[in-house]
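Could you have a look at this structure, given as structure tokens, before my questions?
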């Protein structure tokens, strides 16, 4: 039975329909949920195509097996079946390239008065970031 499933990708939460059982998550919308489509070349997003050796492993019950899709894309996946949610991380190669650039990714956070500040506003300047966690 299809139900609402939350998939976090690139920091954005996406609500989609999926079938969840004890072993896997099948996205009802297939790879299109993440912007990929089937072509003769394989699974494609824009000009980038990934050959798929075993399409039957990815295609499942009219959708796409999320674990197989993550494996095919080379992206780590964390799934919480009880909460009906999952998070896709960046591919390790993309992450290491970003780290090698020594440039922090941009983000925006509010100050104590609610005014938004972005890291990109301070490019070229020295910035001290202080983070706190209660755990």
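The values are calculated or read from the model by the stated rules, or taken from the named source; none is laboratory data. Not measured: the values here are computed from a predicted model. Cβ sites come from the backbone with ideal geometry, for glycine too, and all protein chains shown count toward neighbours.
Residue 78 is checked against (1) surrounded by 14 or more Cβ atoms within 10 Å (Cβ to Cβ); (2) in contact with a strand residue (DSSP E or B) (Cβ under 8 Å, 6 or more places away or on another chain) and fails just one. What number does that condition carry?
Just one mismatch for residue 78, condition (1).
Right, something else. What is the residue count in the stretch 34-65 for residues that are in contact with a helix residue (DSSP H, G or I) (Cβ under 9 Å, 6 or more places away or on another chain) and assigned to a helix (DSSP H, G or I)?
So the answer is 3.
Return the residue satisfying two criteria in turn: it lies in the stretch 88-122 and is in a loop (DSSP other than H, G, I, E, B) and modelled with pLDDT under 85, and of such residues it is nearest to the chain's Cα centre (by Cα).
Initial filter on the stretch 88-122 (in a loop (DSSP other than H, G, I, E, B)): 89-91, 101-107, 111-115.
From what is left, the residues that are modelled with pLDDT under 85 are 90-91, 101-106.
Values: 90: 7, 91: 9, 101: 21, 102: 22, 103: 21, 104: 19, 105: 16, 106: 17 Å.
Checking each candidate, the answer is 90.
Here's another thing I want to ask about it. Which number in (1) under 17 Å from the mean Cα position of the chain (by Cα); (2) within 30 Å of residue 129 (Cα to Cα); (3) in a helix (DSSP H, G or I) marks the one condition that residue 13 misses?
It is condition (3) that residue 13 fails.
Among the residues of the stretch 73-85, is there at least one that is assigned to a helix (DSSP H, G or I), closer than 30 Å to residue 58 by Cα, touching a helix residue (DSSP H, G or I) at 6+ places or on another chain (Cβ under 9 Å) and touching a residue at least 12 places away in the same chain (Cβ under 8 Å)?
First, pick out the residues of the stretch 73-85 that are assigned to a helix (DSSP H, G or I): 73.
If we keep only those that are closer than 30 Å to residue 58 by Cα as well, we get 73.
Now drop any that are not touching a helix residue (DSSP H, G or I) at 6+ places or on another chain (Cβ under 9 Å), which leaves 73.
Adding the requirement that they be touching a residue at least 12 places away in the same chain (Cβ under 8 Å) leaves 73.
Taking every residue of the stretch 73-85 in turn, at least one turns out to be assigned to a helix (DSSP H, G or I), closer than 30 Å to residue 58 by Cα, touching a helix residue (DSSP H, G or I) at 6+ places or on another chain (Cβ under 9 Å) and touching a residue at least 12 places away in the same chain (Cβ under 8 Å).
Taking the conditions exactly as written (touching a helix residue (DSSP H, G or I) at 6+ places or on another chain (Cβ under 6 Å) and either closer than 24 Å to residue 7 by Cβ or outside any helix (DSSP H, G or I) (or both)), does residue 68 satisfy them or not? Before the answer, list the steps.
Numbers: touching a helix residue (DSSP H, G or I) at 6+ places or on another chain (Cβ under 6 Å): yes; either closer than 24 Å to residue 7 by Cβ or outside any helix (DSSP H, G or I) (or both): yes.
Taking the combined requirement at face value, the residue satisfies it.
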